[in-house]
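**Student:** Take this structure, written in structure tokens, and hold onto it; I'll ask about it next.
The values are calculated or read from the model by the stated rules, or taken from the named source; none is laboratory data. Just so it is clear, the model here is predicted, and its values are computed rather than measured. Using ideal geometry, Cβ is built from the backbone for each residue, glycine included, and neighbour counts are taken over all protein chains shown.
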Amino acid sequence: MAEKVAIVGCGLVGRGWAVAFARGGWDVAMWDPVEGAAEKSLELARTIADDLHQAGLLQGQQPAEVLARIRTAPDLATALDGAAWMQESAPEKLDVKQELWRELDRLAPATAVLGSSTSALVPSSFTEGLPGKERCLVSHPLNPPHLIPCVELVPAPWTSPETMRRAVEVMAAIGQKPVVMGREIDGFVVNRLQGALMEEGFRLVADGFAGPEDVDAAVKHGLALRWSFMGPFETIDLNAPGGIADYIARFQHMYREMHVDQQRRVDWEAPEVLQKVLADRRARLPLDKLAERSRWRDRRLMALLRQKQASSQEIGD
């Protein structure tokens, strides 16, 4: 018998999680407090499943097989009934999450793991004081979770080792790639890395060293090619004849000197900065084309996933 997951919050992230779990063989119950939101997400999941099938990313299944595992629930208690995992994707508002998580802990089976998709709140901020706080964690995906497999598993100080072990097991079983954190910190891993890159990008634009499109080009045609199959530590390990220690000996001084300049923060909303970025982006992509370009992004991600899967089989990870 398939295990059940309750998807609480059915926006972009929630519906992506629903497809990811259903593709992994789980029964999915979707619930959202906004009337009609779960039903709308279920309809959109059909499009997602069709796109994944055309891209060869449904693990050999037909869309109907995957979609048959997803249903909507009339209330929160029904969604949680019998669930082995709960994935919450509610708005990033602390008071909303605190109130919701009191209900989640009260209604979910005692054996269920409770995960949050939050990208901005550490788990201790909304699980402290809950009777079942040891089974709670952040399980933060990148958007969209059905296409980007990385998921950050972040414990609160009281999250049990068994909960973390189970979280790794569940995420790996449905095809996600867990990043396991030892303890919580604002931004987790991904947003802290992304934030460092964005801070430098805004500095380069604000000071006139490069335009937004040039910064994007440096990443997508340069850094991202390597980063799509290996991380920064492996990158520098392979970029010097003697490995990572050799790289540090050769280049640490360069990064140390750059770091001094990188301590100065540029205000992203300063008119002279924001207008540069907005003018560049809107010239290249009008606002009314954002949804179309997002669909393009998803198709490119699907193509990249296919290529990565094929390369792993042919060359190895």
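**Student:** Here are Ala49, Ala6, Ala45: which of them is in contact (Cβ under 8 Å) with a residue 40 or more places away in the chain and either crowded, with 16+ Cβ neighbours inside 10 Å or under 22 Å from Ile148 (Cβ atoms) (or both)?
**Tutor:** Numbers: Ala49 fails: in contact (Cβ under 8 Å) with a residue 40 or more places away in the chain; Ala45 fails: in contact (Cβ under 8 Å) with a residue 40 or more places away in the chain.
Being in contact (Cβ under 8 Å) with a residue 40 or more places away in the chain and either crowded, with 16+ Cβ neighbours inside 10 Å or under 22 Å from Ile148 (Cβ atoms) (or both) holds for just one of Ala49, Ala6, Ala45, which is Ala6.
**Student:** Of the residues Ala217, Ala224, which single one is under 28 Å from Leu121 (Cα atoms) and assigned by TED's automatic domain parsing to the domain that holds Leu278? Explain how you work it out, then say what you get.
**Tutor:** Values: Ala217 fails: under 28 Å from Leu121 (Cα atoms).
Testing whether each residue is under 28 Å from Leu121 (Cα atoms) and assigned by TED's automatic domain parsing to the domain that holds Leu278 leaves just Ala224.
**Student:** Hey, any hits in the stretch 189-196 for a residue that's assigned to a helix (DSSP H, G or I), without any contact (Cβ under 8 Å) to a residue 12 or more places away in the chain, more than 30 Å from Val113 (Cα to Cα) and of a type outside the set (Phe, Trp, Tyr)?
**Tutor:** Yes: the stretch 189-196 contains one or more residues that are assigned to a helix (DSSP H, G or I), without any contact (Cβ under 8 Å) to a residue 12 or more places away in the chain, more than 30 Å from Val113 (Cα to Cα) and of a type outside the set (Phe, Trp, Tyr).
Residues are listed down the side, and each one gets a yes or a no for (1) assigned by TED's automatic domain parsing to the domain that holds Phe229; (2) in contact with a Phe, Trp or Tyr (Cβ under 8 Å, 6 or more places away or on another chain); (3) on the phi < 0 side of the Ramachandran plot; (4) among the acidic types (Asp, Glu):
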{"position": "Glu257", "(1), (2), (3), (4)": "yes, no, yes, yes"}
{"position": "Val260", "(1), (2), (3), (4)": "yes, no, yes, no"}
{"position": "Val273", "(1), (2), (3), (4)": "yes, yes, yes, no"}
{"position": "Leu278", "(1), (2), (3), (4)": "yes, no, yes, no"}
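**Student:** For His53, only one of the following conditions fails: (1) under 19 Å from Arg295 (Cβ atoms); (2) assigned to a loop (DSSP other than H, G, I, E, B); (3) not aliphatic (A, V, I, L, M). What is its number?
**Tutor:** So His53 meets the others, but not (2).
**Student:** Working only within the stretch 58-74, note down all residues that are in a loop (DSSP other than H, G, I, E, B), under 26 Å from His140 (Cβ atoms) and not small (Gly, Ala, Ser). Before you say what the answer is, go through the steps one by one.
**Tutor:** As a first pass, look at the stretch 58-74 and keep what is in a loop (DSSP other than H, G, I, E, B): 58-62, 68-69, 73-74.
Among the residues that remain, those that are also under 26 Å from His140 (Cβ atoms) are: 58-59, 69, 73.
Residues satisfying the conditions are Leu58, Gln59, Arg69.
**Student:** Look at Ala77 and say whether it is over 21 Å from Pro149 (Cα atoms) and in contact with a Gly (Cβ under 8 Å, 6 or more places away or on another chain).
**Tutor:** No; evaluated as a whole, the condition is false for this residue.
**Student:** Separate question: Against the definition (within 30 Å of Leu301 (Cα to Cα), of a type outside the set (Ser, Thr, Tyr) and assigned to a helix (DSSP H, G or I)), how does Ala249 come out, yes or no? Walk me through how you get there before you give the answer.
**Tutor:** On the way: within 30 Å of Leu301 (Cα to Cα): no; of a type outside the set (Ser, Thr, Tyr): yes; assigned to a helix (DSSP H, G or I): yes.
No, not satisfied.
**Student:** Turning to a different aspect of this structure: Enumerate the strands (runs of 3 or more DSSP E) found wholly within the stretch 117-187, keeping only those where 1 or more residues are in contact with a Lys or Arg (Cβ under 6 Å, 6 or more places away or on another chain) and free of Cβ contacts under 8 Å to residues at least 60 places away in the same chain.
**Tutor:** 150-155
**Student:** Now for a different question. Determine, yes or no, whether Ala167 is under 19 Å from Lys93 (Cβ atoms) and either within 9 Å of the chain's Cα centre (by Cα) or of a type in the set (A, V, I, L, M) (or both).
**Tutor:** Details: under 19 Å from Lys93 (Cβ atoms): no; either within 9 Å of the chain's Cα centre (by Cα) or of a type in the set (A, V, I, L, M) (or both): yes.
No: the conditions fail for Ala167.
**Student:** In addition: State whether the residues of the stretch 269-288 include one that is out of contact with any Pro (no Cβ under 8 Å at 6 or more places or on another chain), under 28 Å from Gln54 (Cα atoms) and surrounded by 10 or more Cβ atoms within 10 Å (Cβ to Cβ).
**Tutor:** Checking the stretch 269-288: at least one residue is out of contact with any Pro (no Cβ under 8 Å at 6 or more places or on another chain), under 28 Å from Gln54 (Cα atoms) and surrounded by 10 or more Cβ atoms within 10 Å (Cβ to Cβ).
**Student:** Quick one: would you say Phe202 is in a loop (DSSP other than H, G, I, E, B), out of contact with any strand residue (DSSP E or B) (no Cβ under 8 Å at 6 or more places or on another chain) and of a type in the set (A, V, I, L, M, F, W, C)? Steps first, please.
**Tutor:** Details: in a loop (DSSP other than H, G, I, E, B): no; out of contact with any strand residue (DSSP E or B) (no Cβ under 8 Å at 6 or more places or on another chain): yes; of a type in the set (A, V, I, L, M, F, W, C): yes.
So Phe202 fails the test.
**Student:** Sticking with this structure for a sec: Looking only at residues that are over 15 Å from the mean Cα position of the chain (by Cα) and part of a helix (DSSP H, G or I) in the stretch 9-27, which one is farthest from Asp75 (Cα to Cα)?
**Tutor:** Only one residue fits best here, namely Arg23.
**Student:** Does Asp95 satisfy being more than 18 Å from Thr163 (Cα to Cα), surrounded by 15 or more Cβ atoms within 10 Å (Cβ to Cβ) and modelled with pLDDT of 95 or more? So that I can check it myself, show each step before the final result.
**Tutor:** Values: more than 18 Å from Thr163 (Cα to Cα): yes; surrounded by 15 or more Cβ atoms within 10 Å (Cβ to Cβ): no; modelled with pLDDT of 95 or more: yes.
Spelling it out, it is not the case that Asp95 is more than 18 Å from Thr163 (Cα to Cα), surrounded by 15 or more Cβ atoms within 10 Å (Cβ to Cβ) and modelled with pLDDT of 95 or more.
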